[in-house]
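Down below is the structure, laid out as structure tokens.
The values are calculated or read from the model by the stated rules, or taken from the named source; none is laboratory data. Since this is a predicted model, take the numbers as computed values, not measurements. Reconstructed Cβ throughout: ideal geometry from the backbone, glycine too, with neighbour counts over all protein chains shown.
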Amino acid sequence: MSMLLLVISSLFVGLGATSPRAVDKEAQATADAMVSRFVDSWNRADGMAYGENYWPDAELVDPTGAIVNGKTASVQEHIDLWNGIFKGSRVTGKVRTIRMLGVNYMIVDFDVQVFGIGELPCSGLPGPDSAQPPEKH
């Protein structure tokens, strides 16, 4: 069964200090590169590379709504999902917004669409045309 899943994610990204105008271009390039790495790691089902998107104390809301705590557990959750219902799934991603936190850090919100999901993990999840809860990276 093919299914579309929409997830809005937030990531903190470090950014070197530069002039305000350059920060805008650099921030966009940094955010786009991070989303590209996220998408690439998912599409290769590469847990190690996927884990680079998480801070050590990250939280993840899994497809059943359970909260997974920590980078290591979040990576393992995805490895398990890639061996299960997400096996062979593909994602696309696009930066939605960037919020600068001073000149050195930013929050990046991005949309992710997941295609090619197998059966749903439980009957309590919305149908294929519904948005899922956000992930917090």
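Quick notes on this structure:
- Failed condition for SER36, given (1) exposed (fewer than 13 other Cβ atoms within 10 Å of the Cβ); (2) more than 14 Å from the chain's Cα centre (by Cα); (3) polar (S, T, N, Q): (2)
- Output for segment 37-64, where each listed residue is at pLDDT 95 or above and part of a loop (DSSP other than H, G, I, E, B): ARG44, ALA45, ASP46
- In segment 60-76, residue nearest to ARG44 (Cα to Cα) [restricted to those that are in contact with a helix residue (DSSP H, G or I) (Cβ under 8 Å, 6 or more places away or on another chain) and among the polar types (S, T, N, Q)]: GLN76
- Among residues of segment 75-96, those that are closer than 15 Å to ARG37 by Cβ and crowded, with 16+ Cβ neighbours inside 10 Å, counted: 5
- Each residue in segment 103-119 was checked for being outside any strand (DSSP E or B) and closer than 17 Å to PRO63 by Cβ, and 4 of them qualify.
- Residue within segment 93-110 that is among the basic types (Lys, Arg) and in contact with an Asp or Glu (Cβ under 6 Å, 6 or more places away or on another chain) present: yes
- Taken as a whole, the condition of being at positive phi and in contact with a Phe, Trp or Tyr (Cβ under 8 Å, 6 or more places away or on another chain) applies to ALA45.
- Residues (closer than 21 Å to LYS87 by Cβ and surrounded by 13 or more Cβ atoms within 10 Å (Cβ to Cβ)) located in segment 55-73: LEU60, VAL61, ASP62, PRO63, VAL68, ALA73
- Of the residues contained in segment 72-80, none is found to be closer than 21 Å to THR30 by Cα and modelled with pLDDT of 90 or more.
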